[in-house]
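Derivation of every value follows stated rules applied to the coordinates shown; laboratory data play no part. Computed from a predicted model, the values in this text were never measured in an experiment. Please note: Cβ atoms are built from the backbone with ideal geometry, for glycine as well, and neighbour counts cover all protein chains shown.
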Amino acid sequence: MQTLIVKTGRRTQLVDVTAQVQKVVASSGVAAGICYLYVPHTTAAITINECADPDVARDVEGALDRLIPTAGPFRHNEGNSDSHVKAVLVGASQIIHVEGGKLVLGRWQGVFFCEFDGPRDRRLLVKVEAGIQTRVYQLGTLPPPPCFL
C-alpha cells in the first residue's frame, strides 16, 4: 500500500489526483487487478467524476456547500460538522479496475480527493492488487448468470 499526500488550499475543494493514482498503479507492475482508494479522515472523501472541465469540480463544491451549509444547526461543537456530513455523503473509499496496467475510467472520468475542512495536508491510501480480471460487455451481451447454466 502507498500513501499519497494531498495538499489542499481551500475549505471545500475537489483535487484531481488521477495522475498520482495512475503512477502508483504503473509502479505496482500490476497489469490486471483492482485499485483500492481510501481516505483515512472524517472530513474528507474520494470520488470519481468528470475531469475534462474544471468547472464541474467547482460546481460540485458549490452544490455541496449549498446543500450542507457551514452554519448548522449542528450539535458537534468544533465548527466543522458540515464537513463530516459531506464526507459521509461522498464516501471514504473507491474501487477502480485495472487493465493493461491502467485505471479503467470512462473517457471523461477522473479521481478526485474531496476536502471539506481545509486547507490541510491529507493522506490518500492506494492499494493495487493483481489477479482480478474484468471484462467489459456491451448491453445485451452479458453471459447468463451461473445459476442458469
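Describe numerically, in nm with one decimal, the distance between label points set 7 Å from Cα along Cα→Cβ at Asp121 and at Arg58.
Taking the simple label geometry, Asp121 and Arg58 are separated by 2.9 nm.
Excluding residues on the same chain fewer than 8 positions from Lys7, give the aspartates and glutamates whose Cα lies under 18 Å from its Cα.
Output for Lys7: Asp16, Glu61, Glu115, Asp117, Asp121.
Please work out which option in [x] 14.9; [y] 16.7; [z] 17.8 gives Kirkwood radius over Cα pairs in Å calculated from these coordinates, and answer with its label.
Label [y] holds the value from this structure.
Please report the net charge: other residues with Cβ closer than 14 Å to the Cβ of Gly118, K and R +1, D and E -1.
+1
About its Cα centre, what dipole magnitude does region 1-106 give when the only charges are +1 on Lys and Arg Cβ and -1 on Asp and Glu Cβ, stated in debye to the nearest 20?
300
Note down the net charge around Ala52, summing +1 for each Lys or Arg and -1 for each Asp or Glu among other residues with Cβ under 11 Å from its Cβ.
Spelling it out: positives minus negatives among the neighbours equals -3.
Most mobile of Asp16, Asp53, Asp65 per a Gaussian network model of the chain (Cα springs, under 10 Å)?
Asp53
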